[in-house]
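**Q** Attaching a single structure in structure tokens format; questions to follow.
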Amino acid sequence: MNEIAQELNDRIKKENPHVYELLSDLGRNMYYPKGILTQTAEAKQKAHRFDATIGIATEGNQPMFLPVIHNTLSEYDPKNLYPYAPPAGKPELRQVWRKKMLHENPSLKDKSFSNPIVTNALTHGLSIVADLFMNENDPLVLPEKLWGNYNLIFGVRRGAKNVTFPFYNEQGAFNVQGLKKALLSKKEHGKAVVLLNFPNNPTGYTPSEEEATNIIEVLKEVAQEGMNLVVLTDDAYFGLFYEDSIKESLFARIANIHPRILAIKVDGATKEDFVWGFRVGFITFASESPAVLDALENKALGSIRGAISSASHPAQSFILNALQSSEFQVQRNQKVELLKRRATKVKEILSQGSYNDAWDYYPFNSGYFMCMKLKHGVNAEALRLHLLDHYGIGVISLGESDVRVAFSCVEVQDLKQLFDLIYQGFQDLKGQ
């Protein structure tokens, strides 16, 4: 094992042995090397005459660039576009995102957590968590209504075993007791990664204040039983809250609640700020120990360095410029309100009862999506294909009977027609 990795492990073990026990074999071996990038950083501070370190080209004391590219980006200083971004991300962007987190998550006040590290959007952040904490056959505990890419990230890449539980209880609320039962079923394993995604993809559901409190209590109870937990909040759709629900990330409430619980937040501008193709995400760790935070950041940087080296510099500059604008929050609020109107319209349409013989819909209050459960044995995939072939409509089939509809990409005035046509497609298949 590399001596840097060993030193990081020793530091974590000394400060919190439970966090050390959570690390995967790869996580224990991971470190950020003191190589070219470290030497380049030192040169940036001290090489006032000539800096012949990092592998970029310069001209006229600025990064070299092609005018055909820069013509469309002329509002930006070349230094904020063309050089490599630091592996952890632009320092200014990390600080601004941290301030944003504190503003939007009041429960983070007085909590100890790292500066957000920039990732190549959320999928990359999730992959870092999988690398650092998931060994083959380790349990990944999550509701059965899940984003399919989790299976690739944690299962195919790292050999995790999904331990799922029904998303909703009989009252149509988040199934907190199902979460507890799933966790305790793996108590003998000693550790688990818990994945909580709110607003949820595919259901569009976010827990209420009472449900959130109960989730926290269950996590503490399981930890007190002697189980080590990584609790990972996938906050891809953060801030898109339309009705009664918690209005902050569960990460803010889970952070620092028990020595056996390591809270990790993965979020980003991609969906919550409507810049999907920019691929700018963040990963943030919570620990009461600054030494543990520093060691985990070092290991995360090693994972980044060994996979993508660093995330896109231009995209980070675009996001930073937007976040610093006085117009940012006003414009974002306008888009959130538009999505809220669409979600409200969907509920209005469905509550009229016109489709009750075809499907029930699952509770939703946030995000981009809602889900329906088909009746009379109509197969979700068969309906999906039928709608494509005969009506030119695209929806997502999930399992045998669930269909996900993204109201985020349908205009308010078109929603009634959308559901009418889905209903017609259902009737076409009902008698077959």
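**Q** Residues of the chain: accessible area per residue at 1.4 Å, in Å²?
**A** On the way: 19770 Å² over 432 residues.
That works out to 46 Å² for each residue.
**Q** Further question on the same structure: Note down the accessible area of His390, probe 1.4 Å, to the nearest 10 Å².
**A** The accessible area of His390 comes to roughly 120 Å².
**Q** Another question about this same structure. Using a 1.4 angstrom probe on the protein heavy atoms only, line up Glu75, Glu217 by accessible area, largest first.
**A** Details: Glu75 175, Glu217 80 Å².
These residues rank, largest area first, as Glu75, Glu217.
**Q** Mind checking which of Asn16, Asn29, Asn321 has the largest fluctuation in a GNM of the chain, springs on alpha carbons under 10 Å?
**A** Its mean-square fluctuation being the largest, the pick is Asn321.
**Q** Right, another one. Quick check on my link table: of Lys90/Lys299; Lys161/Lys271; Lys111/Lys271; Lys186/Lys373, which ones sit more than 22 Å apart, alpha carbon to alpha carbon?
**A** On the way: Lys90/Lys299 18 Å; Lys161/Lys271 28 Å; Lys111/Lys271 26 Å; Lys186/Lys373 30 Å.
Violating the 22 Å limit, Cα to Cα: Lys161/Lys271; Lys111/Lys271; Lys186/Lys373.
**Q** Per residue, how big is the convex hull of the stretch 23-100 when only Cα atoms are used? Give it in Å³.
**A** Working: hull volume 13.2 nm³, N = 78.
Dividing the Cα hull volume of the stretch 23-100 by its residues yields 169 Å³.
**Q** Which trypsin sites (Lys or Arg not before Pro) does the stretch 63-169 hold that lie in a coil by DSSP with at most 16 other beta carbons within 10 Å?
**A** Values: sites: Lys79, Arg94, Arg98, Lys99, Lys100, Lys109, Lys111, Lys145, Arg157, Arg158, Lys161; in loops: Lys109, Lys111, Lys145, Arg157, Arg158.
The qualifying sites are Lys109, Arg157.
**Q** Still on this structure, please answer the following. Report in % the part of the accessible area of the chain that belongs to carbon and sulfur, leaving out ligands and nucleic acids; probe 1.4 Å. Each step should come with its number before you reach the end.
**A** On the way: 9720 of 19770 Å².
Carbon and sulfur together cover 49 percent of it.
**Q** Which loop-located GluC sites (Glu not before Pro) does the stretch 324-397 contain, where loop means any DSSP state but H, G, I, E or B and the Cβ has at most 10 other Cβ atoms within 10 Å?
**A** Details: sites: Glu327, Glu337, Glu348, Glu381; in loops: Glu327.
Those that pass, being in a loop and sparsely packed, are Glu327.
**Q** Charges at C-beta only: +1 for Lys and Arg, -1 for Asp and Glu. How large is the resulting dipole of the stretch 252-399 about its Cα centre, in Debye rounded to 20? Walk me through the intermediate numbers first.
**A** Values: 17 positive and 13 negative charges, 23 e Å.
So the magnitude is around 100 debye.
**Q** Shifting gears a bit: Largest first, what is the accessible-area ranking of Asp25, Asp110 with a 1.4 Å probe?
**A** On the way: Asp25 90, Asp110 145 Å².
I get Asp110, Asp25, largest accessible area first.
**Q** Heavy atoms only, 1.4 Å probe, whole protein assembly: order Trp147, Trp359, Trp276 by accessible area, highest first. Please list the in-between numbers first.
**A** Working: Trp147 75, Trp359 5, Trp276 125 Å².
In descending accessible area the options line up as Trp276, Trp147, Trp359.
**Q** Tell me which of Val292, Gly268, Ile254 sits at the most positive position along the dipole axis of the stretch 229-321, charges placed on C-beta atoms (Lys, Arg +1; Asp, Glu -1).
**A** The Cα lying farthest towards the positive end belongs to Val292.
**Q** Next up: Positive end of the charge dipole of the chain (Lys, Arg +1 and Asp, Glu -1 on Cβ, about the Cα centre): tell me which of Gly148, Ile4, Val118 has its Cα farthest that way.
**A** Ile4
**Q** What trypsin sites (Lys or Arg not before Pro) does the stretch 5-50 have in DSSP loop regions with at most 15 other beta carbons within 10 Å?
**A** When the trypsin sites (Lys or Arg not before Pro) of the stretch 5-50 are filtered for loop state and at most 15 Cβ neighbours within 10 Å, Lys34, Arg49 remain.
**Q** Just how large is the dipole of the chain about the Cα centre, in debye to the nearest 20, putting +1 at every Lys and Arg Cβ and -1 at every Asp and Glu Cβ? If you can, show how the numbers build up before the last one.
**A** Values: 47 positive and 50 negative charges, 132 e Å.
About 640 debye.
**Q** Could you grab the Rg to Rh ratio for the chain? Cα atoms only, Kirkwood for Rh. List each step's numbers first, then the result.
**A** Values: Rg = 23.4 Å, Rh = 23.4 Å.
Here the Rg-to-Rh quotient is 1.00.
**Q** For a test of the definition: using alpha carbon positions, the gyration tensor, and the 1.5 limit on a/c, classify the stretch 252-305 as rounded, prolate or oblate. Show your work: numbers first, answer last.
**A** On the way: a/c = 3.86, a/b = 1.56, b/c = 2.47.
Judged from the Cα gyration tensor, the stretch 252-305 comes out oblate (a/c at least 1.5, b/c at or above a/b).
**Q** With +1 on each Lys and Arg Cβ and -1 on each Asp and Glu Cβ, and nothing else charged, work out how big the dipole of the stretch 135-230 is about its Cα centre, in Debye to the nearest 20. Could you put the intermediate results ahead of the total?
**A** Numbers: 10 positive and 11 negative charges, 87 e Å.
Using only the charged Cβ atoms, the result is roughly 420 debye.
**Q** Wrap a convex hull around the Cα atoms of the stretch 63-217, take a quarter of its surface area, and give that in square nanometres.
**A** Values: hull surface 50.7 nm².
For the Cα atoms of the stretch 63-217, the hull's average projected area reads 12.7 nm².
**Q** Restricting to bridges with both residues inside the stretch 213-286, how much of the DSSP beta-bridge set is antiparallel, in percent to the nearest 5?
**A** Around 50 percent antiparallel, to the nearest 5.
**Q** Which whole-number percentage describes the relative contact order of the chain, with Cα contacts under 8 Å and a sequence gap of 6 or more? Let's see the in-between values first.
**A** Working: 745 pairs, mean separation 79.6, N = 432.
For the chain, the relative contact order is 18 percent.
**Q** Okay, next question. What's the long-distance tail for the stretch 336-432, i.e. % of Cα pairs beyond 19 Å?
**A** On the way: 1635 of 4656 pairs.
Percent of Cα pairs beyond 19 Å in the stretch 336-432: 35.
The values are calculated or read from the model by the stated rules, or taken from the named source; none is laboratory data. The structure presented is a predicted model; accordingly, all values stated were derived computationally and were not measured. Cβ coordinates were reconstructed from backbone atoms using ideal geometry, including for glycine residues, and neighbour counts include every protein chain displayed. With ligands, DNA and RNA removed, areas are computed over all heavy atoms of the protein, side chains included. Shrake-Rupley method; radii C 1.70, N 1.55, O 1.52, S 1.80 Å.
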